[in-house]
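Engineer: Pasting in a structure now, in structure tokens, and then I'll have a few things to ask.
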Amino acid sequence: MPSTREIRRRIRSVRNISQITRAMEMVAASKMRRAQQRVTASRPYAERIEAMISDLAALQLDAEQLAAFPLLAKREIKNIEVLLVTPDKGLTGPLNSNILRRAGKFILEEAEAPVKVVAVGRKGSEFMVRTRQDVVAEFTGLADSLTPEDVTAITSVVIGDYVSGKADAVYLIYSKFNSTLSQTPVVQQLLPIEPKAGSGEYNDYIFEPTGADVLTELLPRLVEVEIYQAILENFASEYSARMVAMRNASDNARDLVSDLTLSYNKARQTQITNEVSEIAAGANAMRQQG
Amino acid sequence: MAKLTVEVVTGERIVFTDDEVDMVIAPGASGTLGILPNHAPLITTLAGGELRVKKSGQEYAMVVFGGFMEVTPDKVIILADAAERVEEIDASRAEDARKRAEDEISKRGATEDLAAAQASLRRANIRLRTAERRRSGRRSELPGT
């Protein structure tokens with residue numbers, strides 16, 4: 001049985017850890033609230049712009065005209081680019097390994113051509129470098145208060161690679177935020193853009209200046225918004241996962257402290273009992289002698 | 001009388017939404033557009049400028065900095081690159097931004113910085129012009145005060 005002093009030392013160290021995890025939990029909780037608000041606030045824009053593109057692509061232009069837009073053009077797939085969005089930091093429970101496992105599965109099993117990686121977030125970038133994947137660009141240290149303009153650099157790398165033919169398809173991999181307790185890794189095709197079927201409600205839109213002009217501006221905007229959205233989803237997922245992980249850690253620490261306190265009291269009691277019986281034995285011996 | 005549902009959305013938030021609107025005046029890329037209910041379906045790009053929404057005699061003003069607008073007979077959806085309500089404009093900050101941008105432009109010729117400075121100058125000017133027009137407009141609506 002460990003001595004009382006050893007147990008006391010362990011209790012103290014577990015308490016210290018639980019103080020840290022509790023502080024991290026609270027920090028993550030407040031960041032989480034803000035990140036969740038931002039991700040829900042940005043969804044309508046992404047939905048509307050997608051709907052607008054479907055409306056436009058479905059009715060206004062025939063296949064030949066559509067082919068004139070490089071971002072819509074389908075090519076034979078010889079090279080694939082993956083835009084991997086991950087957190088910069090760890091301590092997020094299973095979130096990071098889930099997203100990295102999903103990305104690994106995509107690259108090794110699902111992709112039908114060699115894959116280049118553009119990493120957003122340090123965890124993804126480190127993982128891809130460690131596993132000797134072809135990392136062509138990395139963006140780290142993004143602030144969770146980022147605006148759509150802040151992703152312009154990422155967007156231009158991706159669109160540049162697609163238009164110049166370095167990649168024939170671009171996929172976006174990120175952790176989708178469902179709720180505080182649930183985040184799922186998602187693989188989503190970013191380029192070429194495949195318009196969904198439009199509502200078909202109106203088929204006589206007037207365009208200003210022209211349909212082609214509108215589409216030319218709308219398409220890169222959609223790519224940017226999807227990337228922006230993915231980054232926000234990633235932040236909301238990261239903070240949610242970290243808060244839950246830290247809450248579990250704090251709870252475990254509390255259980256551990258109460259277990260240890262119990263064994264500490266037992267050990268102390270045993271020690272006292274021993275001492276008492278030694279004294280009693282000593283006193284008895286004295287009396288018999290006298 | 002028919003009404004319009006109006007939504008002004010940016011990547012970050014919904015700036016304005018109302019489903020009882022009488023008229024929308026928007027800065028289209030090829031000129032200012034006035035949209036009444038039952039307008040023909042229309043999709044246009046937007047320039048930077050003032051966006052006005054009229055509802056039962058009241059008028060709400062916003063600034064938008066580029067974007068798109070989709071019009072259907074009962075709906076106007078504005079996807080702005082950035083937008084803010086007039087009340088949110090901080091005139092002194094816009095004024096500062098304008099001065100800074102002008103300094104920047106006069107000082108250097110580096111192309112990338114120049115473009116950024118010109119863009120922020122444009123934004124500052126739109127903000128100031130809109131805020132200014134609001135203030136003077138309100139005064140003229142209340143004669144005798």
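The values are calculated or read from the model by the stated rules, or taken from the named source; none is laboratory data. Only a predicted model underlies this, so the values are computations on that prediction, with no experimental measurement involved. Virtual Cβ from ideal backbone geometry, glycine too; neighbours counted across all protein chains shown. Just so you know, the surface numbers come from the protein's heavy atoms only, side chains and all, with ligands and any DNA or RNA stripped out. Shrake-Rupley method; radii C 1.70, N 1.55, O 1.52, S 1.80 Å.
Engineer: If you build a Gaussian network model of chain A, linking Cα atoms that sit under 10 Å apart, which residue out of A:Arg122, A:Arg15, A:Arg247 swings the most?
Structural biologist: With Cα springs under 10 Å in chain A, the top fluctuation among A:Arg122, A:Arg15, A:Arg247 is at A:Arg15.
Engineer: List for the range B:23-59: residues with 30 Å² or greater reduction in accessible area, all protein chains versus chain alone, probe 1.4 Å?
Structural biologist: When all protein chains are present, B:Ser30, B:Pro41, B:Leu42, B:Ile43, B:Thr45 each give up 30 Å² or more of accessible surface.
Engineer: Sticking with this structure for a sec: Which of A:Ser125, A:Asn79, A:Gln229 sits farthest toward the positive end of the charge dipole of the protein assembly as shown, with +1 on the Cβ of Lys and Arg and -1 on the Cβ of Asp and Glu?
Structural biologist: So the residue we want is A:Ser125.
Engineer: Taking chain A as a Gaussian network, Cα atoms linked when under 10 Å apart, which of A:Thr261, A:Thr273, A:Thr86 shows the biggest mean-square fluctuation?
Structural biologist: So, out of A:Thr261, A:Thr273, A:Thr86, the one fluctuating most is A:Thr273.
Engineer: Quick check on the range A:216-290: take the gyration tensor over C-alpha atoms, sort the square-rooted eigenvalues as a ≥ b ≥ c, and tell me if it's rounded (a/c under 1.5), prolate or oblate.
Structural biologist: Prolate is the answer for the range A:216-290, as a/c is 1.5 or above and a/b outweighs b/c.
Engineer: Here is a follow-up. Figure the gain on full extension for A:Lys89 and A:Ser277 (residue separation times 0.36 nm, minus the Cα-Cα span) and round it to one decimal in nm.
Structural biologist: 62.1 nm
Engineer: Can I ask one more? Per residue of the range A:45-57, what does 6.51 cos²θ - 1.76 cosθ + 1.60 with θ = phi - 60° give for ³J(HN,Hα)? Whole Hz please, x for Gly and Pro, Karplus curve as stated.
Structural biologist: Taking θ as phi minus 60°, the curve returns 4, 4, 5, 4, 5, 5, 4, 5, 5, 4, 4, 5, 5 Hz for the range A:45-57.
Engineer: Roughly how big is chain A's charge dipole about its Cα centre, with Cβ charges of +1 (Lys, Arg) and -1 (Asp, Glu), in debye to the nearest 20?
Structural biologist: Working: 35 positive and 36 negative charges, 549 e Å.
Once rounded to the nearest 20, the dipole reads 2640 debye.
Engineer: Okay, moving on. Nearest 100 Å² is fine: what is the total accessible surface buried where chains B and A meet, probe 1.4 Å?
Structural biologist: Buried area (both sides, nearest 100 Å²): 2300 Å².
Engineer: Quick one: what does P(r) look like for the range A:1-130 with 5 Å bins over all Cα pairs, in whole %?
Structural biologist: Per 5 Å bin, starting at zero, the Cα-Cα P(r) for the range A:1-130 comes out as 2, 7, 10, 11, 11, 14, 13, 9, 7, 5, 3, 2, 2, 1, 1, 1, 0 percent.
Engineer: Can you flag which of A:Lys166/A:Lys196; A:Lys123/A:Lys196; A:Lys74/A:Lys196; A:Lys105/A:Lys196 are past 22 Å Cα-Cα?
Structural biologist: Where the Cα-Cα span goes over 22 Å, the pairs concerned are A:Lys166/A:Lys196; A:Lys123/A:Lys196; A:Lys105/A:Lys196.
Engineer: Between A:Thr184 and B:Glu95, what is the spin-label point distance in nm, taking each point 7 Å from the Cα along the Cα→C-beta axis?
Structural biologist: Between A:Thr184 and B:Glu95, the simple spin-label model gives 5.4 nm.
Engineer: Relative contact order for chain B: what is it in percent, counting Cα pairs under 8 Å that are at least 6 residues apart? It would help to have the intermediate numbers written out before the result.
Structural biologist: Details: 276 pairs, mean separation 28.6, N = 145.
Over chain B, the number comes to 20 percent.
Engineer: Still on this model: Taking a probe of 1.4 Å, how large is the accessible area per residue of the range A:21-245, in Å²?
Structural biologist: 45
Engineer: Projected onto the charge dipole of the range B:90-133 (+1 at Lys/Arg Cβ, -1 at Asp/Glu Cβ, origin at the Cα centre), which of B:Gln118, B:Ala131, B:Ser92 gives the Cα projection farthest towards the positive end?
Structural biologist: B:Ala131
Engineer: What are the GluC sites (Glu not before Pro) within the range A:90-192 that DSSP puts in a loop, where the Cβ has at most 14 other Cβ atoms within 10 Å?
Structural biologist: Of the GluC sites (Glu not before Pro), the ones in loops of the range A:90-192 whose Cβ has at most 14 other Cβ atoms within 10 Å are A:Glu112.
Engineer: Does the range A:113-168 classify as rounded, prolate or oblate by the C-alpha gyration tensor (a ≥ b ≥ c root eigenvalues; a/c under 1.5 gives rounded; else a/b over b/c gives prolate, otherwise oblate)?
Structural biologist: Oblate shape, in that a/c is at least 1.5 and b/c is the bigger or equal ratio.
Engineer: Taking chain A as a Gaussian network, Cα atoms linked when under 10 Å apart, which of A:Asp259, A:Asp88, A:Asp168 shows the biggest mean-square fluctuation?
Structural biologist: So, out of A:Asp259, A:Asp88, A:Asp168, the one fluctuating most is A:Asp259.
Engineer: May I pose another question? Using a ≥ b ≥ c from the Cα gyration tensor of the range B:4-87 (square roots of the eigenvalues), is it rounded, prolate or oblate, where a/c under 1.5 gives rounded and otherwise the larger of a/b and b/c decides, a/b for prolate?
Structural biologist: In terms of gyration-tensor shape, rounded.
Engineer: Another one. For B:Lys55, go through the aspartates and glutamates and keep the ones whose alpha-carbon is under 15 Å away, minus same-chain ones fewer than eight residues off.
Structural biologist: By straight Cα distance, B:Lys55 reaches B:Glu7, B:Asp18, B:Asp19, B:Glu20, B:Asp22, B:Asp74.
Engineer: In addition: May I ask for log10 I(q)/I(0) of chain A at q = 0.10 Å⁻¹, from a Debye sum over the Cα atoms as equal point scatterers with solvent left out?
Structural biologist: Debye output, listed in q order: -0.66.
Engineer: Then there is this: Between A:Thr40 and A:Asp144, what is the label-point separation in nm under the 7 Å Cα-to-beta-carbon projection?
Structural biologist: With each label placed 7 Å out from Cα toward Cβ, I get 1.6 nm.
Engineer: In whole Å, what three semi-axes, largest first, describe the equivalent ellipsoid of chain B built from its Cα gyration tensor (square root of 5 times each eigenvalue)?
Structural biologist: Equivalent ellipsoid of chain B: 30, 20, 11 Å, largest first.
Engineer: Using a cut-off of 17 Å between alpha-carbon atoms, which aspartates and glutamates can reach A:Lys89, once sequence neighbours fewer than 8 places away in the same chain are excluded?
Structural biologist: A:Glu25, A:Glu126, A:Glu138, A:Asp144, A:Glu233, A:Glu238
Engineer: What three numbers, in Å, describe the spread of the alpha carbons of the range B:90-133 along their principal axes, ordered from the longest?
Structural biologist: 33, 13, 12
Engineer: Amide H of A:Asp168: which non-local residues (sequence gap of 5 or more, or other chain) have their own amide H closer than 5 Å, using H built in the peptide plane?
Structural biologist: Result for A:Asp168 returns A:Lys78, A:Asn79, A:Ile80, A:Glu81.
Engineer: Sticking with this one: At 7 Å along the Cα-to-beta-carbon direction for both A:Ala73 and B:Lys3, put a label point, then send me their distance in nm to one decimal.
Structural biologist: With each label placed 7 Å out from Cα toward Cβ, I get 4.8 nm.
Engineer: Same structure again: Once Lys and Arg get +1 and Asp and Glu get -1 on their Cβ, which of A:Asn98, A:Met243, B:Ala80 lies farthest toward the positive end of the dipole of the protein assembly as shown?
Structural biologist: Positive-end residue among those listed: A:Met243.
Engineer: Next up: On the accessible surface of the protein assembly as shown, probed at 1.4 Å, how many percent belong to carbon and sulfur atoms?
Structural biologist: Its accessible area is 51 percent carbon and sulfur atoms.
Engineer: Separate question: If amide hydrogens are placed 1.01 Å from N in the peptide plane, which non-local residues have theirs closer than 5 Å to the one on B:Lys55?
Structural biologist: Excluding prolines and chain starts, which carry no amide H, the hits are B:Asp22, B:Tyr60.
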